[in-house]
Structures are given as C-alpha cells and as structure tokens.
Amino acid sequence: MLALKNVSMSYGKHEVLKDASLSIRPEESVCIIGNADSGKTTLLRLFLRDIAPLSGSVEADGVDLKSIPDHILPLYRRRFGVKFQGRELLADRTIAENIALPLEIRGTPQKEIRHIVKNSLKQFGLISMRKSFPHTLTKQQRTLVSLARALAGSPMILLLDEPLEDLDNEHRSLALSAIQNCLKNITTIVFSREASLVSELQARFVRLENGRVQEEERTESPSPLSSHNIFTRFTIPFIKDREETETEKTLPVKKVRVVAIHSQ
C-alpha cells in the first residue's frame, strides 16, 4: 500500500500540501484531479522519494521512504513506470532507445527488450520513427513516446502526470486505450486537470484543492491485497523510527527493522 500520512509541503511561503493523507491499495486505479500548481507533481515526486515532506510521512508497504538508504533507492524506483509532465526525453537516444531505457535499468534481457519496444512502437503508431531523435518530434509525438516508455514492461506501479496532454482526439483515444489495457494487476495513479479521466478509467476520484486531499467514498470492492510486495528478496536493514525512552538511550544496540527488496 502507498500512503501519505499527514504530509505538509511548501516552497518558500507557498504551502502546496496541508496535512494531506491518502492511501492507495495494490492494483487500484486512482485519478488525482487538480488545477495547475495544485500540488499534483509534488505528490508524484513524494511517491518516488525525489523530495521529502516537511512533515508527516510517505510510506510504501508500511516503510517510511525516508528510511530507505540512498544506495537502495534505485531498486525501489525500478518498481515504477513514470510519465512526467513536460519532462524531455533523452536527446542523445532514439525513440526506441528512450522506450528501452527503463527496461535496461530493470535488467530485462535484451531479447525481451527488443520485443517489448517493438510492440510499444506499434501500439502508439511510432514504428516508422523508431530511429528518430526527440528533437525531430512534435509535442504530440513526444507525449506518446513518454507514455510508451512509462508503460513498457508492465511496471508494478504507474505514475502518470497529465498523460494525455497535447494529444488530438485520435491520439488521445489511442493513448487512453493503452492505459486502460495496463490497468489489470497494476497500481495506476493519474495526475491530471481532466476530471473526465475518472469515468474513462473507472478510477477512484481524489481531488487536490488548496493543498488538501478530498476523497470520494470508494464504491468498488477493496483489493484483497494489503501489500505491493515492493520490498522482497534482498535483505536490507532499516533503522526503525522510534521515540527513545530514557532507558533506551542508555542501550548500545539499535533496534532495526528488516525489510527485503528485489530488483526486476
């Protein structure tokens, strides 16, 4: 389960999040809807531990992300497929190479990478420009490549920031269909200004307004899963957060919380 617990965040005097709490179950589809500068991208970055909250905690399967050591953080992030808003593709890589990048990072075999990339290019109508570089693409084409890269290889969790921006009706329908095809067995979090995505993706509706999370009551049956199983296989010690009593302060041994993590 991904969770925000009483999270506050600000940039200078601008308070982006105010005591925000939210839980997202495994295999759940959630649309977080808000205006520009409402804090949607901040939420995405918090889930990736790209930034840390000023107060409160962000957790994955009960583990506070602040407790993950820096050298383990890349393993955690491999679980995600991410489409950033306005984030450029790698200029020195072709379209096919950009889509292949997260698969390479996850250690996917080259034969499988070629198969996945080829299917992604076909799905998004990009096969003819597989050897093209980002600077030759339109905004619409760059959006499609960014989305294809996020969806490639069926990641455990999808974070999609304005996934349909700059798309005309034809390509919007194509992209929406691609997202819908990925929803089964994947936790999907969409950040957007488009409230219509809630019904189009049959997702849970969460509104982000004035720094506060406002949820509609869940209408679907809750997932039987309580954990994403993000942390398995590799045994990594994490220092357990606790309030030390005066007695504990005299003890030389630290308490640790043991969690396992594996790469894909």
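Any read-out appearing in this document is the output of simple, stated calculations on the displayed coordinates, not a laboratory observation. The model shown is predicted, which means the values in this text are computed figures rather than measured ones. Every residue, glycine as well, gets a Cβ built from its backbone with ideal geometry; the counts of neighbours run over all protein chains shown.
Quick test of your reading of the structure: Arg207 fulfils all but one of (1) free of Cβ contacts under 8 Å to residues at least 60 places away in the same chain; (2) surrounded by 15 or more Cβ atoms within 10 Å (Cβ to Cβ). Name the failing condition by number.
Answer for Arg207: the failing condition is (1).
So which residues in the range 130-151 are among the basic types (Lys, Arg), in a helix (DSSP H, G or I) and surrounded by fewer than 17 Cβ atoms within 10 Å (Cβ to Cβ)?
Across the range 130-151, the qualifying residue is only Lys139.
Out of the range 97-147, which residues are of a type in the set (Asp, Glu) and under 22 Å from the mean Cα position of the chain (by Cα)?
Glu97, Glu104
Looking at (1) more than 25 Å from Ala195 (Cα to Cα); (2) among the small types (Gly, Ala, Ser); (3) buried (at least 17 other Cβ atoms within 10 Å of the Cβ), find the lone condition where Ala52 falls short.
So the condition that Ala52 fails would be (3).
Six or more apart or on different chains, Cβ atoms under 9 Å: show the pairs whose first residue is in the range 166-177 and among the charged types (D, E, K, R) and whose second is assigned to a loop (DSSP other than H, G, I, E, B).
Asp166/Thr138; Arg172/Leu164
Would you call Leu65 among the hydrophobic types (A, V, I, L, M, F, W, C), more than 24 Å from Cys182 (Cα to Cα), surrounded by 15 or more Cβ atoms within 10 Å (Cβ to Cβ) and free of Cβ contacts under 8 Å to residues at least 24 places away in the same chain?
yes
Six or more apart or on different chains, Cβ under 8 Å: which pairs go from a residue in the range 7-18 that's over 16 Å from Ala36 (Cβ atoms) and touching a residue at least 12 places away in the same chain (Cβ under 8 Å) to one that's assigned to a loop (DSSP other than H, G, I, E, B) and among the β-branched types (Val, Ile, Thr)? Could you list them?
Met9/Ile51
Residues of the range 114-137 being touching a residue at least 24 places away in the same chain (Cβ under 8 Å) and either among the β-branched types (Val, Ile, Thr) or touching a His at 6+ places or on another chain (Cβ under 6 Å) (or both), which ones?
Ile116, Val117
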